[in-house]
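Here the structure comes first, spelled out in structure tokens, and everything after it is commentary.
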Amino acid sequence: MDEFSLEKMSDSIHYGKTKEYFKEVLSSYHNGNYRSAVVMLWSVAVCDIVYKLQSLIDLYDDASAKVILKELSTIQENDQKSAAWELKLIDDVNDKTHLLDSSEYENLRYLQKQRHLSAHPVLNRERELHSPNKETVRSLLRNTLTDVLTKPPFYTQHIFQELLDDIAESHEILNSRKKVKKYVVSRYFSRTTPPVELNIFRSLWKFVFRIENEQCEKNRLINLHVLEVVAARNKAALLATIQGDVDFFSNVASAGSALQYLIFFLSENHELFPALSDAARLKIEHYIANDPIGKTAGWFIKENIFKHGDDLQAWIKTDKPVFTPYQFDYVLQLSDSEEWQEKFCMIASTYYGASSSYDQADSRFQVAIPQYIKLFNKEAIKYLAGQIEQNSQCHDRSRARHDYAIIKTRIDELFGDQFNYTDYYWFSRKLGLAD
């Protein structure tokens, strides 16, 4: 990194005061005063970390930051000439927060050693003062900028309760997954490190999928949305996180919304299911086998998603479940492949074709067909026509002629004038295409 790029990078320093102090460091560096640059750089780094801790206290009432600064103030009051608090600050920040990772901590310790050599009359064999070379100082500048000065204050492990309280208070405006993601990323996760986020994931797992009380029930959905955000940001690390503490993550609720939400979560993170204990998997499998929501979302216990599609069609034909628009949207998004899109259209057609009354056929058509008609390919549209053909509740209802206009439009788009309506007499009759 050259001198110009160091200056450019210094424009990204988070705090204005730090940026002003760093100008003095760069001035010493440019003028060849390398000892002075190192001494000042250490002071700037220490001050910047103190500013970050204070920000965590001011904005988020962070407990770890409070403890660290209180202890440092006590040391300074007892001995104002001592610099011992500076090293203690770095050690405490490393041990008690996630402001620094291990490599950043070691870089700061190395800076402190260079600062000690540069600030004190440490003589070499030739009775000369220690003088760091230009390359060493440039490296120290680069590392300190990257590791500390240009970073906003990160959150420590004690921010979790603040997060819970915040989203609970804001639940009325955070009424969609999109809004939740935008809010928590902007306010929290743009400043967090992966270890902090995985700690939050662990805690949220307990609140969403295990604890059953009035407060957790009230906030379970929004907490699930936050958990989904954290999981998406750390997807590569989730499996190892669960495998590292199987007993904790397998301790889940046996019923109710907590288990239902777990099934929703696993349907989008299916690779995690095998990592859970046998007992947890038995709970989940039992719920999927017996609950309508579980049957809809629990594809991940099947051999593949298309077996799940077959099971949904069989369930629709035998038990006549009632699907909501949300359930259909959910089933569609289980996979973005063209093969699953076709299978989904078959499921929607089966649902409509299983109508047992004119009124039910009217409502089922509106839920299952119009908003998805553009997804139907040739095979799916023929299957839909076949379902209509086989059920008088579908082809004899009074609204069918009007409703089927959208099907006719899709047939024309796919087949032109090559569709064989003679194979679907009742369907074509309702369209006015047969005698």
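A few points about this structure:
- Listed by chain and number, the aspartates and glutamates whose C-alpha is less than 19 Å from the C-alpha of LYS88, apart from same-chain residues fewer than 8 away, are ASP48, ASP62, GLU71, GLU77, ASP79, ASP101, GLU104, GLU106, ASP147.
- The alpha-carbon of LYS320 sits under 18 angstrom from the alpha-carbons of these lysines, leaving out residues fewer than 8 places away in its chain: LYS295.
- Label assignment, percent of Cα pairs over 41 Å apart derived from the structure, set [x] 43; [y] 27; [z] 33: [x]
- Residues of type lysines that LYS178 reaches as a straight line, Cα spacing below 22 Å, ignoring anything fewer than 8 places off in the same chain: LYS218, LYS235
- Alpha-carbon Rg/Rh ratio, for segment 155-291, with Rh computed the Kirkwood way: 0.95
- When both segment 17-35 and segment 409-435 are represented by their alpha-carbon centers, they are found 80 Å apart.
- In the elastic network of the chain, a GNM with C-alpha springs shorter than 10 Å, the most mobile of LEU145, LEU224, LEU53 is LEU145.
- Measuring gaps between exposed loop sites in the chain (GluC sites (Glu not before Pro); DSSP loop; at most 15 other Cβ atoms within 10 Å), the longest gap, sites not included, is 304-435.
- Reduced Cα scattering model of segment 302-435, Debye log10 I(q)/I(0), q = 0.16, 0.21 Å⁻¹: -0.78, -1.31
- Note on segment 155-291: dipole from Cβ charges, positive end direction compared against VAL208, SER176, HIS270; the farthest Cα belongs to SER176.
- Close amide H contacts of LYS151 (hydrogens built in the peptide plane, cut-off under 5 Å, sequence separation of 5 or more or a different chain): HIS14.
- Kirkwood-based Rg to Rh ratio, segment 3-149, C-alpha trace: 0.98
Taken together, the values in this text are just the output of simple stated rules run on the coordinates, not laboratory data. No experiment lies behind these values; they were computed from the predicted model shown. Cβ sites come from the backbone with ideal geometry, for glycine too, and all protein chains shown count toward neighbours.
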